[in-house]
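Read through the structure below, which is laid out as structure tokens, and then see the notes.
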């Protein structure tokens, strides 16, 4: 590893002072088959939403067991139109976790509703079903659990809460394609489940998202909202067409279409999902083994029903055993050529949300987690040597900063 003189930590035996390249926290894995898949689309008659998008949707149905899938431009788009399809609107509320990307809450604001944040479980760091129950009011219409890092909360418990209170469950599975719950791929428990295909995720299309559902009613609405809420479907029209060119806008929505170019890449990547998943699990297993007995660290736990394909690997610094704050540890890791990140700032702590009236202290467990966590590298293209270098850097700093 690199010499730590920049941050006052000497190099230790077993390090690699000659390492000149950084290990990023995430990176896409593109091979020749992926490039060829995109090239075939570029040479075809369709560039935007066409046969490759339909094929991608069919593949997602096969993977998840869901009856319907709707591809769209991002998981943010997927969450937005899922909220619209659910009927969530002005003056109503939805519940989600604060430890997520802002889109999981913003999607409610887009339809005029108010996000309500439920605190996390201290062991899994996912939304706590018991906290969801506490936040339900007569204004609550949806619950959006987030599969944080690729692991999930107890999804069945969340669905039972939603069914008991007549709420719509929208699972934000941006992190968790490849993850199984009770032996089955996620996508069947929630009323709607959304995915992301950002480059940092397990499967990428450059960008892109999708929603799966078993509801024909939701499916028809999602298709409509994906394309400006404009339709040529005569069964939906309110007027008699005055020609074959006729179409109608039935509501207000956005252009959330996915291109066939992106879909071609996603289909090719789906062919390697098992490979990606297996490699991520192997790296996670190695990390878990290496860090299990390091008292300066606290590791994320999974609920028993979950077989996770992790998108992120999070370390939590134990303030009782380490003499440095997260910022210092983060910078020291960078000096070791290990690029870390932090996922996430609690959503309601962003200035925009503070201007809406949200205040610190809403979810104390989530806020404490944020102060103590950092994301270390995890992606399939990491070599075994890369993994060991990350482990060596983490252990070195934990030893140096031990109380």
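The values are calculated or read from the model by the stated rules, or taken from the named source; none is laboratory data. Being a predicted model, the structure only gives us computed values, none of them experimental. Cβ placement follows ideal geometry from the backbone for every residue including glycine, while neighbour counts extend to all protein chains displayed.
At-a-glance table
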read-out	value
Hits in the range 338-369 (condition: surrounded by fewer than 18 Cβ atoms within 10 Å (Cβ to Cβ) and part of a helix (DSSP H, G or I))	351, 352, 354, 355, 364, 365, 368
Complete set of residues in the range 267-303 that are under 24 Å from residue 155 (Cβ atoms), part of a helix (DSSP H, G or I) and in contact with a strand residue (DSSP E or B) (Cβ under 8 Å, 6 or more places away or on another chain)	284, 288
Single unsatisfied condition, residue 252 versus (1) in a loop (DSSP other than H, G, I, E, B); (2) surrounded by 12 or more Cβ atoms within 10 Å (Cβ to Cβ)	(2)
Single residue of 107, 72 found to be farther than 14 Å from residue 266 by Cβ and buried (at least 24 other Cβ atoms within 10 Å of the Cβ)	107
Evaluation of residue 244 against (1) more than 30 Å from residue 41 (Cα to Cα); (2) without any contact (Cβ under 8 Å) to a residue 60 or more places away in the chain (one fails), failing number	(1)
Meets criteria (in contact (Cβ under 8 Å) with a residue 60 or more places away in the chain and loosely packed, with under 13 Cβ neighbours inside 10 Å) for residue 320	yes
Test: residue in the range 69-79 that is in a loop (DSSP other than H, G, I, E, B), touching a strand residue (DSSP E or B) at 6+ places or on another chain (Cβ under 7 Å) and either free of Cβ contacts under 8 Å to residues at least 60 places away in the same chain or assigned by TED's automatic domain parsing to the domain that holds residue 157 (or both)	yes
Residue list for the range 38-52, filter: more than 16 Å from residue 226 (Cα to Cα) and either touching a residue at least 60 places away in the same chain (Cβ under 8 Å) or part of a loop (DSSP other than H, G, I, E, B) (or both)	38, 40, 41, 42, 43, 44, 45, 46, 47, 51, 52
Set 175, 165: member being closer than 30 Å to residue 285 by Cα and modelled with pLDDT of 95 or more	175
